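Before any comments, here is the structure.
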């Protein structure tokens with residue numbers, strides 16, 4: 001590296017000697033050399049823009065996964081739903097019987113629904129309503145015979161027999177005593193067995209579950 005620099009110095013030496021000779025000749029002729037001051041201006045200061053505040057990202061709240069209900073909780077829910085459905089079915093049945101009681105006697109309601117008179121009486125007491133009064137003339141005094149009423153009761157007895165009502169159920173349904181009931185059986189030649197299975201329970205269609 002040093003040998004290279006020396007080579008460059010030697011190569012520029014003739015030009016340097018010539019420049020020194022020219023300066024000397026210029027000064028001998030009265031010329032002057034003025035040394036100028038070089039004012040170095042510092043570069044303008046750079047103003048860096050203030051950094052913009054970083055926007056905080058909105059925190060996303062991730063809900064915890066829903067825990068599955070255990071079997072016991074599901075059974076409790078299903079039991080409560082069944083209870084509500086039973087209560088609604090009972091309320092619907094009560095309103096249905098209330099509507100029948102507005103125009104029917106116990107016997108007519110029994111033939112319409114197939115329910116026992118005691119069930120109808122219980123519903124009437126529970127709902128605070130009454131059935132239409134039945135024609136009970138001659139119930140206390142059997143010497144008074146109403147042929148029209150006897151024929152009507154005989155028709156009801158045959159209908160109750162066809163539905164499988166027992167003797168006591170049929171007698172209670174037409175609201176008469178045992179002696180008058182036997183009289184009607186003999187008068188209209190109705191063969192009513194002393195033991196039957198009883199009427200089938202009333203049918204009320206189940207309502208479909210809500211989706």
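The values are calculated or read from the model by the stated rules, or taken from the named source; none is laboratory data. In this text the structure is predicted, and so the values were computed from the model without any measurement. Quick reminder, even Gly has a Cβ in these numbers, built from the backbone with ideal geometry, and neighbours come from all protein chains shown.
Which pairs do you get when a residue that is in a loop (DSSP other than H, G, I, E, B), found in segment 134-159, comes within reach of a residue that is at pLDDT below 55, reach meaning Cβ atoms under 8 angstrom, with the pair 6+ apart or on two chains?
Listed by first residue and then by second, the contacts come to 144/137; 144/138; 145/138; 146/137; 146/138.
Given the criteria assigned to a loop (DSSP other than H, G, I, E, B) and modelled with pLDDT of 80 or more, does residue 103 qualify? Outline the logic, then answer.
Values: assigned to a loop (DSSP other than H, G, I, E, B): yes; modelled with pLDDT of 80 or more: yes.
Yes: the conditions hold for residue 103.
Sort out which residues of segment 120-132 are closer than 21 Å to residue 168 by Cβ and touching a residue at least 12 places away in the same chain (Cβ under 8 Å), and write them in order of number.
Within segment 120-132, 120, 121, 123, 124, 131 meet the criteria.
Only one of 211, 186 is at pLDDT below 90, over 26 Å from residue 85 (Cα atoms) and exposed (fewer than 11 other Cβ atoms within 10 Å of the Cβ); which?
On the way: 211 fails: over 26 Å from residue 85 (Cα atoms).
Matching residue, one of 211, 186: 186.
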